[in-house]
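Take a look at the structure below.
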Amino acid sequence: MRNRYPIVRHRELRPRCRWDAWRERRSPLIAGTGQVLVHETDGVYGTGPSVPGPAAAVTVVDVHQGARVYVRRLLTAPGGHLEYPVTVLFRCTVVDPVAVVRARRTGGPWDVRRALAGDPRYGNLTRALPEDDENGVREALTALLAPRPVHRDIPGVRVEFERADVEPARQIIDYEA
(Lines give C-alpha, C1' and ligand atoms only; values in the text may rest on other atoms or scores of the structure.)
Protein backbone atom coordinates (compact mmCIF):
# COMPACT_ATOMS: atom_id res chain seq x y z
CA MET A 1 0.00 0.00 0.00
CA ARG A 2 1.34 3.39 -0.92
CA ASN A 3 0.69 6.06 1.69
CA ARG A 4 2.39 8.88 -0.18
CA TYR A 5 1.57 8.45 -3.81
CA PRO A 6 2.69 9.86 -6.24
CA ILE A 7 4.97 12.29 -4.40
CA VAL A 8 7.50 10.25 -2.46
CA ARG A 9 9.66 13.07 -1.07
CA HIS A 10 9.74 16.85 -1.34
CA ARG A 11 12.35 19.31 -0.18
CA GLU A 12 12.38 23.10 -0.24
CA LEU A 13 15.90 24.37 -0.90
CA ARG A 14 15.66 28.07 -0.12
CA PRO A 15 16.71 30.02 1.82
CA ARG A 16 20.19 28.57 1.99
CA CYS A 17 20.88 30.10 5.41
CA ARG A 18 18.51 27.72 7.26
CA TRP A 19 19.96 25.61 10.05
CA ASP A 20 19.34 22.36 8.14
CA ALA A 21 20.73 23.55 4.78
CA TRP A 22 23.90 21.51 5.39
CA ARG A 23 21.79 18.33 5.25
CA GLU A 24 20.56 19.23 1.76
CA ARG A 25 24.12 19.59 0.49
CA ARG A 26 25.33 16.38 2.19
CA SER A 27 22.36 14.18 1.25
CA PRO A 28 20.58 15.44 -1.86
CA LEU A 29 17.36 13.80 -3.02
CA ILE A 30 18.05 11.10 -5.57
CA ALA A 31 15.43 9.42 -7.72
CA GLY A 32 15.42 5.64 -7.47
CA THR A 33 14.14 3.04 -9.91
CA GLY A 34 10.71 4.03 -11.19
CA GLN A 35 11.02 7.57 -9.84
CA VAL A 36 11.64 10.95 -11.42
CA LEU A 37 13.27 14.02 -9.89
CA VAL A 38 11.36 17.24 -10.62
CA HIS A 39 13.01 20.55 -9.75
CA GLU A 40 11.59 24.04 -9.63
CA THR A 41 13.67 27.11 -10.38
CA ASP A 42 11.99 30.53 -10.41
CA GLY A 43 8.57 29.04 -11.21
CA VAL A 44 9.91 26.87 -14.04
CA TYR A 45 9.52 23.11 -13.54
CA GLY A 46 11.70 20.52 -15.20
CA THR A 47 13.01 17.00 -15.07
CA GLY A 48 16.43 15.78 -16.04
CA PRO A 49 19.43 18.10 -15.74
CA SER A 50 18.89 21.08 -13.48
CA VAL A 51 18.13 24.47 -14.97
CA PRO A 52 21.01 26.94 -14.47
CA GLY A 53 20.70 28.70 -11.13
CA PRO A 54 19.80 27.42 -7.69
CA ALA A 55 16.71 25.24 -7.54
CA ALA A 56 13.98 26.37 -5.13
CA ALA A 57 12.47 22.93 -4.58
CA VAL A 58 13.14 19.32 -5.50
CA THR A 59 10.48 16.60 -5.57
CA VAL A 60 10.74 12.85 -6.12
CA VAL A 61 7.71 11.50 -8.01
CA ASP A 62 6.83 7.80 -8.35
CA VAL A 63 6.21 6.93 -12.03
CA HIS A 64 5.77 3.14 -11.79
CA GLN A 65 3.25 1.76 -14.28
CA GLY A 66 0.02 0.63 -12.60
CA ALA A 67 0.84 1.45 -8.98
CA ARG A 68 -1.80 -0.03 -6.67
CA VAL A 69 -3.66 2.46 -4.49
CA TYR A 70 -6.21 1.23 -1.93
CA VAL A 71 -9.04 3.35 -0.52
CA ARG A 72 -11.02 2.26 2.55
CA ARG A 73 -14.52 3.62 3.21
CA LEU A 74 -17.52 2.86 5.37
CA LEU A 75 -20.76 3.07 3.42
CA THR A 76 -23.95 3.41 5.45
CA ALA A 77 -27.18 1.82 4.25
CA PRO A 78 -30.19 4.14 3.73
CA GLY A 79 -31.90 3.14 7.01
CA GLY A 80 -28.78 4.05 8.98
CA HIS A 81 -28.65 0.68 10.77
CA LEU A 82 -26.01 -1.07 8.67
CA GLU A 83 -22.59 -0.06 7.42
CA TYR A 84 -20.44 -1.79 4.82
CA PRO A 85 -16.63 -1.72 5.13
CA VAL A 86 -15.42 -1.26 1.56
CA THR A 87 -11.92 -1.45 0.06
CA VAL A 88 -11.56 -0.11 -3.47
CA LEU A 89 -8.42 -0.85 -5.50
CA PHE A 90 -7.23 1.51 -8.23
CA ARG A 91 -4.31 1.26 -10.66
CA CYS A 92 -2.56 4.60 -11.06
CA THR A 93 0.15 5.76 -13.45
CA VAL A 94 1.83 9.17 -13.46
CA VAL A 95 1.89 10.40 -17.05
CA ASP A 96 3.15 13.93 -16.34
CA PRO A 97 5.27 14.32 -13.17
CA VAL A 98 5.64 18.07 -13.69
CA ALA A 99 1.84 18.51 -13.61
CA VAL A 100 1.69 16.57 -10.31
CA VAL A 101 4.30 18.83 -8.70
CA ARG A 102 2.69 21.98 -10.10
CA ALA A 103 -0.70 20.87 -8.66
CA ARG A 104 0.93 20.36 -5.26
CA ARG A 105 2.40 23.84 -5.38
CA THR A 106 -0.84 25.53 -6.47
CA GLY A 107 -3.11 23.68 -4.04
CA GLY A 108 -4.70 21.39 -6.61
CA PRO A 109 -5.44 17.71 -6.04
CA TRP A 110 -2.14 15.83 -6.08
CA ASP A 111 -2.53 13.22 -3.33
CA VAL A 112 -4.20 10.40 -5.24
CA ARG A 113 -5.31 8.46 -2.19
CA ARG A 114 -6.96 11.47 -0.54
CA ALA A 115 -8.65 12.56 -3.77
CA LEU A 116 -10.05 9.08 -4.39
CA ALA A 117 -11.26 8.72 -0.79
CA GLY A 118 -12.93 12.15 -0.90
CA ASP A 119 -14.90 11.45 -4.07
CA PRO A 120 -18.39 12.93 -3.42
CA ARG A 121 -20.09 10.23 -5.47
CA TYR A 122 -19.80 7.84 -2.51
CA GLY A 123 -22.45 9.98 -0.76
CA ASN A 124 -24.83 9.54 -3.68
CA LEU A 125 -24.25 5.80 -3.58
CA THR A 126 -25.29 5.42 0.06
CA ARG A 127 -28.86 6.47 -0.82
CA ALA A 128 -29.22 3.55 -3.23
CA LEU A 129 -27.44 0.76 -1.35
CA PRO A 130 -29.30 -2.55 -1.17
CA GLU A 131 -30.12 -3.74 2.33
CA ASP A 132 -27.83 -6.55 3.58
CA ASP A 133 -26.47 -7.52 0.14
CA GLU A 134 -22.67 -7.37 -0.28
CA ASN A 135 -22.83 -8.40 -3.94
CA GLY A 136 -25.30 -5.60 -4.67
CA VAL A 137 -22.99 -3.07 -3.01
CA ARG A 138 -20.02 -4.39 -5.03
CA GLU A 139 -22.01 -4.14 -8.28
CA ALA A 140 -23.18 -0.61 -7.40
CA LEU A 141 -19.59 0.48 -6.67
CA THR A 142 -18.33 -1.07 -9.89
CA ALA A 143 -21.07 0.64 -11.92
CA LEU A 144 -20.27 3.96 -10.23
CA LEU A 145 -16.46 3.91 -10.44
CA ALA A 146 -15.59 1.84 -13.51
CA PRO A 147 -16.53 4.39 -16.22
CA ARG A 148 -14.68 7.26 -14.50
CA PRO A 149 -12.89 6.48 -11.25
CA VAL A 150 -12.53 9.96 -9.78
CA HIS A 151 -14.90 12.91 -9.60
CA ARG A 152 -12.32 15.42 -10.78
CA ASP A 153 -9.23 14.60 -12.72
CA ILE A 154 -5.96 14.53 -10.84
CA PRO A 155 -3.40 16.44 -12.93
CA GLY A 156 -0.74 14.23 -14.45
CA VAL A 157 -2.14 10.94 -13.12
CA ARG A 158 -4.15 8.30 -14.97
CA VAL A 159 -6.47 6.41 -12.60
CA GLU A 160 -8.15 3.13 -13.49
CA PHE A 161 -10.65 1.23 -11.35
CA GLU A 162 -9.61 -2.37 -10.70
CA ARG A 163 -11.99 -3.86 -8.15
CA ALA A 164 -14.07 -3.28 -5.04
CA ASP A 165 -14.09 -5.60 -2.02
CA VAL A 166 -17.10 -5.42 0.30
CA GLU A 167 -17.07 -7.00 3.74
CA PRO A 168 -20.26 -8.23 5.42
CA ALA A 169 -22.49 -5.50 6.80
CA ARG A 170 -22.12 -4.50 10.44
CA GLN A 171 -24.88 -3.34 12.73
CA ILE A 172 -24.56 0.30 13.83
CA ILE A 173 -25.24 0.57 17.56
CA ASP A 174 -26.59 3.89 18.80
CA TYR A 175 -25.52 4.31 22.44
CA GLU A 176 -27.30 7.65 22.84
CA ALA A 177 -30.79 6.21 22.35
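The values are calculated or read from the model by the stated rules, or taken from the named source; none is laboratory data. Just so we're clear, the structure is a prediction, and the values are computed from it rather than from any experiment. Don't worry about glycine lacking a Cβ; one is built from the backbone with ideal geometry, like all the others, and counts go over all protein chains shown. We work out accessible area using only protein heavy atoms, side chains counted, and drop any ligands, DNA or RNA first. Shrake-Rupley method; radii C 1.70, N 1.55, O 1.52, S 1.80 Å.
Any idea of residue 173's accessible area? Nearest 10 Å², probe 1.4 Å.
110 Å²
Applying the Karplus parametrisation 6.51 cos²θ - 1.76 cosθ + 1.60 with θ = phi - 60° to the phi angles of segment 30-36, what ³J(HN,Hα) value in whole Hz is obtained for each residue in order, glycine and proline being reported as x?
Along segment 30-36, the couplings run 10, 7, x, 5, x, 10, 10 Hz.
Tabulate in residue order the Karplus-calculated ³J(HN,Hα) for segment 125-142, using 6.51 cos²θ - 1.76 cosθ + 1.60 with θ = phi - 60°, rounded to whole Hz; enter x for Gly and Pro.
Each residue's phi maps through the Karplus curve to give 5, 5, 6, 10, 6, x, 7, 6, 9, 5, 5, x, 5, 4, 5, 5, 5, 5 Hz.
Based on the Cβ-Cβ distance from residue 95 to residue 171, what FRET efficiency comes out when R0 is 41 Å, to the nearest 0.05?
Here the calculated transfer efficiency is 0.40.
Charges at C-beta only: +1 for Lys and Arg, -1 for Asp and Glu. How large is the resulting dipole of segment 113-164 about its Cα centre, in Debye rounded to 20?
The calculated dipole for segment 113-164 is roughly 420 debye.
Grab the Cα-Cα distance for residue 158 and residue 10, subtract it from 0.36 nm times how many residues apart they are, and report the gain in nm with one decimal.
51.2 nm
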